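Structure record follows, encoded as structure tokens.
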Amino acid sequence: MDKLINQFEFGLFFWQVLIFVGLILLLRKFAWKPILDAVNDREEGIKNALLAAENAKKDMQNLKADNEKLLAEARAERDLMIKEAREIKEKMIADAKSEAQAQGEKMIDQAKASIESEKNAAMAELKNQVSSLSLEIAEKLLKDELSNKEAQTKLVEKMLGDAKLN
């Protein structure tokens, strides 16, 4: 270091400082400005890319939310359709049961009516048979009683006596 201080020349120092300042001015004008512009452009491009990525992320979140909403709506619609199908099934079963019950009651009523009509027919036939048997018995009895003259007179007197009393 002593050697540098002993050999110091002011003129050489002046020209070196002047060249250094000129070099800095030239670099500033022709090199640093384009370099700084490129750096600023690059920085701006990175900012824009980050904003675009953030916007894309927000869009993806919105799409995801929309997809979940659509999925929830589809599930709700599916549940509603299943519920309606169950209600229709239950209604059809209830209708079929009521129709079968109504037909059963109708058949029972028809059977009762048929039994009643057959009963009435049987009773009428029984009455007819009883009346014809009664007539036959009465005819036979009357023939027996009317064949005897003494019994006939007693019967006539008895009938006359009953007619007077009434």
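Before moving on, here are some points about what is shown:
One line per residue, one yes/no per condition, for (1) surrounded by fewer than 10 Cβ atoms within 10 Å (Cβ to Cβ); (2) at pLDDT 95 or above; (3) of a type outside the set (D, E, K, R); (4) in a helix (DSSP H, G or I):
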residue	(1), (2), (3), (4)
LYS29	no, no, no, yes
LYS33	no, no, no, yes
ASP37	no, no, no, yes
LYS47	no, yes, no, yes
GLU54	no, yes, no, yes
MET60	no, yes, yes, yes
LEU80	no, yes, yes, yes
ALA100	no, no, yes, yes
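- Test for LYS127: is it at pLDDT 90 or above, in a helix (DSSP H, G or I) and open to solvent by 100 Å² or more (accessible area, probe 1.4 Å): no
- Here GLU139 fits the description: surrounded by 10 or more Cβ atoms within 10 Å (Cβ to Cβ) and either modelled with pLDDT of 80 or more or of a type in the set (D, E, K, R) (or both).
The values are calculated or read from the model by the stated rules, or taken from the named source; none is laboratory data. None of these values were measured; they are calculated from a predicted model. FYI the Cβ positions are ideal-geometry reconstructions off the backbone, even for glycines, and counts take in every protein chain you see. The protein model used for the area step is the full one, side chains on, heavy atoms only, and it has no ligands, DNA or RNA in it. Shrake-Rupley method; radii C 1.70, N 1.55, O 1.52, S 1.80 Å.
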